[in-house]
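*Asks:* Would you mind keeping the following structure in view while I ask a few things?
The values are calculated or read from the model by the stated rules, or taken from the named source; none is laboratory data. Values in this document were obtained by computation on a predicted structure and should not be read as measured data. Note: ideal-geometry Cβ built from the backbone for every residue, glycine included; neighbour counts use all protein chains shown. Protein only, heavy atoms only, side chains kept; ligands, DNA and RNA dropped before computing areas. Shrake-Rupley method; radii C 1.70, N 1.55, O 1.52, S 1.80 Å.
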Amino acid sequence: SDESDEVLTVIKAKAQWPAWQPLNVRAAPSAEFSVDRTRHLMSFLTMMGPSPDWNVGLSAEDLCTKECGWVQKVVQDLIPWDAGTDSGVTYESPNKPTIPQEKIRPLTSLDHPQSPFYDPEGGSITQVARVVIERIARKGEQCNIVPDNVDDIVADLAPEEKDEDDTPETCIYSNWSPWSACSSSTCDKGKRMRQRMLKAQLDLSVPCPDTQDFQPCMGPGCSDEDGSTCTMSEWITWSPCSISCGTGMRSRERYVKQFPDDGSVCTLPTEETEKCTVNEDCSPSSCLMTEWGEWDECSATCGMGMKKRHRMVKMSPADGSMCKAETSQAEKCMMPECHTIPCLLSPWSEWSDCSVTCGKGMRTRQRMLKSLAELGDCNEELEQVEKCMLPECPIDCELTEWSQWSECNKSCGKGHMIRTRMIEMEPQFGGAPCPETVQRKKCRVRKCLRNQSIQKLRWREARESRRSEQLREESEGEQFPGPIMLSGCRMRPWTAWSECTKLCGGGIQERYMTVKKRFKSSQFTSCKDKKEIRACNVHPC
């Protein structure tokens, strides 16, 4: 590719199939790679097969420390990721392409009830793999320009170790890794390091302590060994047998951890092979088995115990008969004498129920100290607490208080007035629904005039209007021959309706007609201003 010049080592390892085999039934693959001061990021991705499109891996894991030394050991537990190309939910789901393709994302414990990782309580997803990266040798420069060693790098660090763990409760870490080898390769004082991984920072305002810890140590060269001796790593687990039935070969490797001080070549072997036998009976009535896995840990932490190893059936007999091969073996194991171990603990109990019936809560588990107190102090934790998540709690509908009653929507006779309230919170997750938000009730301001009286009033107003118009024409034309005792009104036009007294919930508007000129008459005694009222903005607030 265009970036091939930026790659120092391509990592290749043997495939593991099927992916769901337990670790104690299959050997872990291994590979060796190199880094230098300009190319010190390690990435890998491996598919889990068979599966829809699940995979595990690391992205840009920096093997260069911030002090410009080399990381001694990295241990990472890996969770499965979905590549976004297939929508299957189990290891052996049929092909179901995702269209359009989605972004790669980590699988969760709530993706699908049929998923092998499903947890109805929404706990953390099961870790399916572990990668161990360990420095086996160091050549040439450190990752800074000037060659340096870890002893120089940590010289300014405080030598005192903290007696108590002051890690804030809001910082969630993995367990500490084992201590690295001493930085000094000669009979001299050096430093050793251990690491842990920050899994979660629950409160960003509270800083989390460093993920590395250093401790003084003495180098391994305090003996009379020859300067041409090289230090080797432990042997890595045996590879799978080369055949699935009969006798084949398997191999294992180790690496040079420290080259000879005198610069000579290390002659110790880094690989060895041996014969292996799998499924001695290869007849049609036999079943094909995997190789025996590694032995489990001893059942006892001190004294005599038992250990087991397992294998699985790869293929049932071709003739349809039952497989009679054993799938587990057990043998005795001897641990150090019990009086030398101050911490003898029971297994962890099952996790308790979540502390809440819905939403976020906590759950705990405990273990007990089984060894006698007089054997020594035991500082191991006896209780663990972790978060748990249940379905969201129901949220009921929430409303404001009722508004005041509006004015009556009629100026006379029967009408109604209303009051309203607003929804502040819609119901969620099955909460109680919202009740009514508008209420009405009857109202009556005053009695309206009877129809007959209204008709008479209209006739009288019309007669007065015609008489007033007649008098106006006469006054503008010829002069009366003498004083005429007539009376009428000249009125101004109706004014515009006033603004509504309320924006919503029912208000009132008014308009007026006033007298412009009065004419005397013996038949009419008065002429009055007029006023009209109507309801407005009766819609709810």
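*Asks:* Do we have any residue at all in the range 353-373 that's touching a Ser or Thr at 6+ places or on another chain (Cβ under 9 Å), assigned to a strand (DSSP E or B) and modelled with pLDDT under 85?
*Replies:* Yes: the range 353-373 contains one or more residues that are touching a Ser or Thr at 6+ places or on another chain (Cβ under 9 Å), assigned to a strand (DSSP E or B) and modelled with pLDDT under 85.
*Asks:* Moving to a separate point now. Would you point out the residue of the range 15-50, among those that are more than 16 Å from G293 (Cβ to Cβ) and either at pLDDT below 75 or of a type in the set (D, E, K, R) (or both), that is least open to solvent (accessible area, probe 1.4 Å)?
*Replies:* Ranking the qualifying residues of the range 15-50, first place goes to D36.
*Asks:* Scan the range 86-98 and tell me whether some residue there is in a strand (DSSP E or B), open to solvent by 40 Å² or more (accessible area, probe 1.4 Å) and touching a residue at least 60 places away in the same chain (Cβ under 8 Å). Please lay out each step first, then the result.
*Replies:* At the first step, the residues of the range 86-98 found to be in a strand (DSSP E or B) are 86, 97.
Checking which are open to solvent by 40 Å² or more (accessible area, probe 1.4 Å) leaves us with 97.
After this cut, where a residue has to be touching a residue at least 60 places away in the same chain (Cβ under 8 Å) as well, the list is none.
Checked against the condition, which is being in a strand (DSSP E or B), open to solvent by 40 Å² or more (accessible area, probe 1.4 Å) and touching a residue at least 60 places away in the same chain (Cβ under 8 Å), the range 86-98 yields no hits at all.
*Asks:* Can you pull out every residue in the range 321-338 that is part of a loop (DSSP other than H, G, I, E, B), open to solvent by 60 Å² or more (accessible area, probe 1.4 Å) and modelled with pLDDT of 80 or more?
*Replies:* Of the residues in the range 321-338, the ones part of a loop (DSSP other than H, G, I, E, B) are 321-327, 335-337.
Applying the additional criterion that residues be open to solvent by 60 Å² or more (accessible area, probe 1.4 Å) yields 322, 324, 326-327, 335-337.
Matches in the range 321-338: M322, K324, E326, T327.
*Asks:* Sticking with this structure for a sec: I'm told K275 meets every condition in (1) modelled with pLDDT of 80 or more; (2) surrounded by 12 or more Cβ atoms within 10 Å (Cβ to Cβ); (3) within 30 Å of C230 (Cβ to Cβ); (4) not β-branched (V, I, T) except one. Can you identify the failing condition by its number?
*Replies:* Failed condition: (2).
*Asks:* State the number of residues belonging to the range 91-106 that are aliphatic (A, V, I, L, M) and over 17 Å from N55 (Cβ atoms).
*Replies:* Residues of the range 91-106 that are aliphatic (A, V, I, L, M), as a first pass: 99, 104.
When the remaining residues are screened for being over 17 Å from N55 (Cβ atoms), the result is 99.
Adding up the residues that qualify gives 1.
*Asks:* I need the full set of residues from the range 491-513 which are exposed (fewer than 14 other Cβ atoms within 10 Å of the Cβ) and over 20 Å from C412 (Cβ atoms), in order please.
*Replies:* Passing the criteria: R492, P493, T495, A496, E499, L503.
*Asks:* Taking the conditions exactly as written (open to solvent by 40 Å² or more (accessible area, probe 1.4 Å), closer than 30 Å to K73 by Cα, out of contact with any helix residue (DSSP H, G or I) (no Cβ under 9 Å at 6 or more places or on another chain) and in a loop (DSSP other than H, G, I, E, B)), does P260 satisfy them or not? Outline the logic, then answer.
*Replies:* Numbers: open to solvent by 40 Å² or more (accessible area, probe 1.4 Å): no; closer than 30 Å to K73 by Cα: yes; out of contact with any helix residue (DSSP H, G or I) (no Cβ under 9 Å at 6 or more places or on another chain): yes; in a loop (DSSP other than H, G, I, E, B): yes.
In short, no.
*Asks:* Something else now. Pairs under 8 Å by beta carbon, first residue without any contact (Cβ under 8 Å) to a residue 40 or more places away in the chain and part of a strand (DSSP E or B) in the range 49-61, partner open to solvent by less than 20 Å² (accessible area, probe 1.4 Å) and not polar (S, T, N, Q), six or more apart or different chains?
*Replies:* Filtered contacts from the range 49-61: N55/M48; N55/P80; G57/L78; A60/M42.
*Asks:* On to the next question. Could you please let me know if C282 is closer than 21 Å to G248 by Cα, of a type outside the set (S, T, N, Q), without any contact (Cβ under 8 Å) to a residue 60 or more places away in the chain and out of contact with any Asp or Glu (no Cβ under 8 Å at 6 or more places or on another chain)? First the steps, then the outcome.
*Replies:* On the way: closer than 21 Å to G248 by Cα: yes; of a type outside the set (S, T, N, Q): yes; without any contact (Cβ under 8 Å) to a residue 60 or more places away in the chain: yes; out of contact with any Asp or Glu (no Cβ under 8 Å at 6 or more places or on another chain): yes.
For C282, the condition - closer than 21 Å to G248 by Cα, of a type outside the set (S, T, N, Q), without any contact (Cβ under 8 Å) to a residue 60 or more places away in the chain and out of contact with any Asp or Glu (no Cβ under 8 Å at 6 or more places or on another chain) - is met.
*Asks:* Tell me, yes or no, whether the range 384-395 has at least one residue that is at pLDDT below 90, in a loop (DSSP other than H, G, I, E, B) and out of contact with any Cys (no Cβ under 8 Å at 6 or more places or on another chain).
*Replies:* no
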